[in-house]
Structures are given as structure tokens and as C-alpha cells.
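Worksheet: the structure to be examined is printed underneath.
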Amino acid sequence: MRFLITAIALIFLTVFVVLPLVVVFAQAFAKGIGTYFAALGEPEALSAIRLTLLTAFISVSLNLVFGVIAAWAISKFEFRGKTLLITLIDLPFSVSPVISGLVFVLMFGAQGYWGPWLQSHNIHILFALPGIALATTFVTFPFVARSLIPLMQEQGTQEEEAAISLGASGLQTFFRVTLPNVKWGLLYGVLLCNARAMGEFGAVSVVSGHIRGETNTMPLLVEILYNEYQFVSSFAIASLLAMLALITLIAKTILERHLDEGQLSGGD
Amino acid sequence: MAIEVKNLVKKFGTFAALDHVDLRVADGELLALLGPSGSGKTTLLRIIAGLDWPDSGEVSFDGQDALAHGAGERNVGFVFQHYALFRHMTVFENVAFGLRVQPRAVRKDEAAIRARVKELLDLVQLDWLSDRYPSQLSGGQRQRIALARALAIEPRILLLDEPFGALDAKVRKELRQWLRSLHSEIHVTSIFVTHDQEEALEVANRVVVMDKGRIEQVGTPGDVYDNPATAFVHGFIGESIVLPVDVSEGCVRLGKKVLNIAADGLESGASRLFIRRHDMQVEPAGTGALEGAVRHVRTFGPIQRAEVALSVVDGETLIEIDAPRDRPLQVGDVIGLHPRRFRIFAGQE
């Protein structure tokens, strides 16, 4: 019986997880290593990689700052509307990414609320890096906050109170006590946030405008190349994203081990 | 440093945690705040520390308004119930924390900080643990490190919230004596909160008994035990026999029976008679203020504890008494009982 269940799980995992991964790499290397690297060296591919890295950097940085602030406020202070704020933080997870993208079109598009004003001042948000970064930031906001809130709530406020009573200022307390206590949780949130930021398709697709060599991120380029039957190029870029996923997975496992230890050492 | 608290009020929603509290603590005292949970003792301690703020009232240290300053400026050492050691720092860094966060102008140099931490770890006899993390320490060790950390800033006042609450019985006992001897060594004004009367009576110079956000009595340990000011204090400290009685025209009645005890100067009306278990003297049947049948006897150490059914007109009441073992009691004996000492407080619950 146990053998049967294990076998079913393994077969399922192979068909749905391992096989697709193998196919990605097989297709990428179908015409040899030379072609693979040539495909990655294309200007369009390089531009997509650059844009993706830049977008991920911007949105992870923003979410790091705002996620930590939101988690700090929610877990260490009591105020009205706290429950509402917690619910709002989850909003990007519950909304379809396409809708998230459309929201930005409605705000910044030519027919949007601020569109005419932006146009008259020659500020480009949609179909440019700011729009892509904004949409990605929106979609990936919950990761950092979500990974910190339970941890911070569990740790309570006693260590902060101790620091304050020992004469530490608010900032000293934050940087010397609060932040070190959640560092593994924070890294974990950043890691997941980064993986999602680089892989985001839906919201970015709506705001990017698909300008070749300019506003295509890696996931967008994969789709475009695939639709144009350039399978090797398409899968070559897809293989980079797949590798990102594998690295994320490994890093996540390591971090989770640290997180468990951190929580164990917290108990008294 | 003397502490004065005037007319302090603190409400959480509709619950009055502190209800017009006044208290004076003299310089160098070791004071216990004793009371059941919810009596407001921890709230009072946190307000003195600056970790909570009162709705109204005054707190002053040596005549200076303490409420004008935040917790960090009051120079108060606070030891938390669950120690609140910084989990990501070694014992050494925990103790050094208060010295390292000082403004640059007054901060000691590294060598001076190291010397001071070493001195404190020696004081709490745990210098051999300086490289460990809090999770690697026992409860008693964490407690002493928390104390060393609080003392590092040379506080003018030391506040301890249930300092022995989370420890097992044997360690508690050791730490109590240790805290008392530490206090006589460093002599800083200290207040600790406890719900354990034995702890309060054994460690403190003075005990403040609190209930429902009010101070019921302030006195030496002997005082609060021997001369409880209120029914609450009598019931809370030490084991008491409580009997509902009626006082009228200088007579004390239990049910319809008039008790042969003095009732001079007592208010008439429904009251409660409080007697310590060991203050109940066993007499031959027919004499004494009360009479009853022994239902059950257990002996431990120098005393025998007997369950006695007092005969009252409308039924019987069970009480427990502690008697010396020189005259053994038997189940079924009918005995007279006379309270050597007793207190009568007006009102019934």
C-alpha cells in the first residue's frame, strides 16, 4: 500500500514537474551548445535579460523597504484598521495579474486618470520601465510582508521594550534587535519576491507594450519567440528562468533550515 | 532614588487596571507588589518604567516628574518576566547592549565596556557563559543574565516583573536568597512584582498588597501577615478560616449561635470572621466559642490538620484547622474551638 502511494506520487511528480523541466533544457540544447549560446547572445535576448534584472532589482528593493515597514507596523503596534491593512496586503495575491496590469493602464494610460497630465509633461510610465517595475512591485508586494508578519508577531515586543528601557533609540532598536531577529525570514521573503518578480508575465504583459529590444522582459520574450516558431531561442531563455527556479528552490531549502533553527532558539 | 506615585489611573477599555493608586517608595528599599493576576501590579511597574503611560496621575523620581521622560531616559533597569534576552546576541553582547547604545558623547570605549560586562557577569556568577546564546541557558541562568543586563546601565531603580515566575521551585528558592543578598550589596531601589505571597514576604522589606487596581495595604511582611488591613489581605495572605457572621449589639452570631468572643467597637451588620488556621485552639467539648466534630485528620511535620464540621443551627460548616501534635485528634471527636486571634471585617461577599 505504501509502495503504491509512493509510486503514484512519484509518477505524478515526474509527469508534471520533472518532465517539463527536462523538456525545456532538451529543446534549448536541441541544436547544440553553440546555437544555445548564440540565441542568448542575441541583442533582443540581452536586452530582455537586462530589463528583467533591472525590474527585479527595483521591485525587490521597494518591497523590501515597504514590506519591512508594513510588517513592523502590523506586528509591533496596535492601531485601528489593522485587520483591514492585513487584508489589503494580500490583495495582489487574490487579484488576477492581468487585472493588476490593467489597473496601471487605467491610471497612467493615454485615456487614464493621469494620462493627459503625464503626456503633457512628457513622462513615460506605460510601455516603459517605470510601468513594468510598478506592475511587478504591485504583484510581488505580499511576499516580504507575509513572510515577516507571523515571525514578528510570534516574537512579540518584549525584546524591543528591553532595548528601549536600556536606552536604545527607535532606530537602534529596529536595526540592532528587530531586524537581526527576522533576518532569515526577510531573506526568505526577498528570495520568493525576486523569483516572482523575474517570472511575472500577466501584469507585465499588459503594461509593457511588447516593444522589441526595449520593453520585453524574459517571460514576454519567451512567448514572442515561441509564437514565431523560434523554439531554440525561446527555450534557451526559458532555460535561464528554469535555472533561476532551481537556484531559488535550493536557496529556499537552506533558508528554511535556518528559519527553523531561529525559531527554536527563540523559545524559552 | 525615591519614587512617588500619586493618584495614578490607567484603564484598558472599561477595565480599570489602576484605580487611583498612591505609593511612596523610599531610597534603597526592596519592595514587593503582591496581588492576584489582574490586580494591576504589573501595569504599575510598567508605568514606573515608562513602558506604559497612565491616563492620569503623577510619577516622580526624587521629586522630579518621571512622566516627562520616555523609558530610555529614566535610567530604570527592567527585568522581564520571560527575560526578553536578545536571542541573536551572545550573553556578553546582551549585557553590553545598554552600554553600546549610549550616545557617542558619553559612550565608554570598548575596553571599558568589556571590563564592565566582565564585572557584571562576575556579580551574577556567570562569567563562564559569556559566549553562549540565550537559548543555550537554563531558566535560572537567563534570569540572572537579564538582571546583569539591566544593571549594566547603572540604573537608579531596578524593576522586576515576576522575576521567579517561570522557574521551578528549587531554583526559585535559591534565586530569592540571591536577589536579597544582591540587593544588600548594591542597594539600588528595587520593586518586584509577584503573585506568590511567600516570595513577597521572604524577600521584600515592605510589601504592597494590591487587588482590582487598588492598593489594599502597605506594610512590612510581618505587618501584612499579622495585622491585615482589609478582608482581602487577610484572605489573600496566609491560610484563613472565613465564617459569615452577624454583628449586632456587641454580639457576634454564627447562624443563630452567639459566639463567645469580644465584639467591642464593631459595626453592626453582616460581617466575616477571619481566623488563621493555627490560631484556632482546641478545647474540651462544651467550652470554647465554637464546637464541632472532627471528620478527617492528616499529620505533617509538627502539625496535624483536621477537618472539623462546625455545628451551626441550620446545618454544618466545614473548616480546616492546624493544631500542634501534642494532643492527637481522632476522627469522630467532638471538640471545642477557641480563636486565639481573629479579625472581623464588615460586609459579606
Go through region B:141-188 residue by residue and tally those that are polar (S, T, N, Q) and buried (at least 21 other Cβ atoms within 10 Å of the Cβ).
1
Would you pick out the residues in region B:220-256 that are under 26 Å from B:ALA306 (Cβ atoms), of a type outside the set (Val, Ile, Thr) and assigned to a loop (DSSP other than H, G, I, E, B)?
B:PRO228, B:GLY238, B:GLU239, B:GLY255, B:LYS256
Going through region A:116-152 one residue at a time, which ones are β-branched (Val, Ile, Thr) and crowded, with 18+ Cβ neighbours inside 10 Å?
A:ILE125, A:ILE132, A:THR136, A:THR137, A:VAL139, A:THR140, A:VAL144, A:ILE149
With (1) closer than 22 Å to B:GLU202 by Cα; (2) of a type outside the set (Gly, Ala, Ser); (3) away from every other protein chain (no Cβ under 14 Å) as the list, and B:VAL21 as the residue in question, which single condition is left unmet?
(1)
Among (1) in a helix (DSSP H, G or I); (2) in contact with a Gly (Cβ under 9 Å, 6 or more places away or on another chain); (3) free of Cβ contacts under 8 Å to residues at least 40 places away in the same chain, the one test that A:ILE125 misses
(1)
Please go through (1) buried (at least 18 other Cβ atoms within 10 Å of the Cβ); (2) at positive phi for A:MET198 and return the number of the only condition it doesn't satisfy.
(2)
Check on B:VAL258, in contact with a Lys or Arg (Cβ under 8 Å, 6 or more places away or on another chain) and modelled with pLDDT under 90:
no
Tell me the residue from B:ILE191, B:ILE237, B:ILE186 that is aliphatic (A, V, I, L, M) and within 22 Å of B:ALA346 (Cβ to Cβ), please.
B:ILE237
Tell me which residues, restricted to region B:115-138, are within 10 Å of B:PHE92 (Cβ to Cβ) and hydroxyl-bearing (Ser, Thr, Tyr).
B:SER130
Any idea which residue in region B:72-98 is nearest to B:GLU162 (Cα to Cα), counting only those that are crowded, with 21+ Cβ neighbours inside 10 Å and aliphatic (A, V, I, L, M)?
B:VAL79
Matching residues in region B:138-151 - criterion: being of a type outside the set (Gly, Ala, Ser) and under 21 Å from B:ARG100 (Cβ atoms)
B:ARG142, B:ARG144, B:ILE145, B:LEU147, B:ARG149, B:LEU151
Please identify the pairs in which a residue from region B:222-241 that is surrounded by fewer than 17 Cβ atoms within 10 Å (Cβ to Cβ) has its Cβ atom under 6 Å from the Cβ atom of a residue that is outside any helix (DSSP H, G or I) and not polar (S, T, N, Q), counting only partners at least 6 apart or on another chain.
B:THR230/B:GLU216
Residue identified as out of contact with any Leu (no Cβ under 8 Å at 6 or more places or on another chain) and on the phi > 0 side of the Ramachandran plot among A:GLY209, A:GLY213
A:GLY213
Scanning for something surrounded by 16 or more Cβ atoms within 10 Å (Cβ to Cβ), closer than 23 Å to B:GLN197 by Cβ, of a type in the set (A, V, I, L, M, F, W, C) and in contact with a Gly (Cβ under 8 Å, 6 or more places away or on another chain), does region B:298-314 turn up at least one residue?
no
How many of the residues making up region A:128-137 are closer than 11 Å to A:VAL204 by Cβ and free of Cβ contacts under 8 Å to residues at least 24 places away in the same chain?
0
Of B:LEU175, B:LEU160, the only residue that is of a type in the set (A, V, I, L, M, F, W, C), within 13 Å of chain A (Cβ to nearest Cβ) and closer than 18 Å to B:LEU85 by Cβ is B:LEU160
Quick check on my filter: what residues within region B:316-349 are under 14 Å from B:GLN281 (Cβ atoms) and part of a strand (DSSP E or B)?
B:ILE319, B:ILE321, B:ASP322, B:ALA323, B:PRO324, B:ILE335, B:GLY336, B:LEU337, B:HIS338, B:PRO339
So, in region A:168-187, how many residues would count as being part of a helix (DSSP H, G or I), of a type in the set (A, V, I, L, M, F, W, C) and within 7 Å of chain B (Cβ to nearest Cβ)?
1
Taking only region A:84-115 into account, find how many residues are surrounded by fewer than 12 Cβ atoms within 10 Å (Cβ to Cβ) and either of a type in the set (Lys, Arg) or within 22 Å of A:ILE74 (Cβ to Cβ) (or both).
3
Near pairs, Cβ below 8 angstrom, 6+ apart or cross-chain, from region B:291-315 (closer than 20 Å to B:VAL245 by Cβ) to any residue that is assigned to a strand (DSSP E or B) and basic (Lys, Arg)
B:VAL308/B:ARG295; B:ALA309/B:ARG295; B:VAL312/B:LYS257; B:VAL313/B:LYS257
Could you figure out which of (1) within 14 Å of chain A (Cβ to nearest Cβ); (2) in contact (Cβ under 8 Å) with a residue 12 or more places away in the chain isn't true of B:THR189?
(1)
Is it fair to say B:ALA285 is outside any loop (DSSP other than H, G, I, E, B) and either at pLDDT below 90 or of a type outside the set (Lys, Arg) (or both)?
no
Considering (1) without any contact (Cβ under 8 Å) to a residue 24 or more places away in the chain; (2) of a type in the set (Ser, Thr, Tyr); (3) in contact with a Phe, Trp or Tyr (Cβ under 7 Å, 6 or more places away or on another chain), say which one A:THR173 fails and leave the rest.
(3)
Number of the exception - B:HIS69 against (1) farther than 30 Å from B:ASP55 by Cβ; (2) free of Cβ contacts under 8 Å to residues at least 40 places away in the same chain
(1)
Only one of (1) at pLDDT 90 or above; (2) in contact with a Gly (Cβ under 9 Å, 6 or more places away or on another chain); (3) more than 24 Å from A:GLU223 (Cβ to Cβ); (4) not small (Gly, Ala, Ser) is not met by A:GLU44, so which one is it?
(3)
Does at least one position in region A:31-47 carry a residue that is hydroxyl-bearing (Ser, Thr, Tyr), surrounded by fewer than 10 Cβ atoms within 10 Å (Cβ to Cβ) and either under 25 Å from A:ILE125 (Cα atoms) or in contact with a strand residue (DSSP E or B) (Cβ under 6 Å, 6 or more places away or on another chain) (or both)?
no
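The values are calculated or read from the model by the stated rules, or taken from the named source; none is laboratory data. Predicted, not measured: the structure shown is a model, and the values here were computed from it. All Cβ positions, glycine included, derive from the backbone under ideal geometry; neighbour counts span all protein chains shown.
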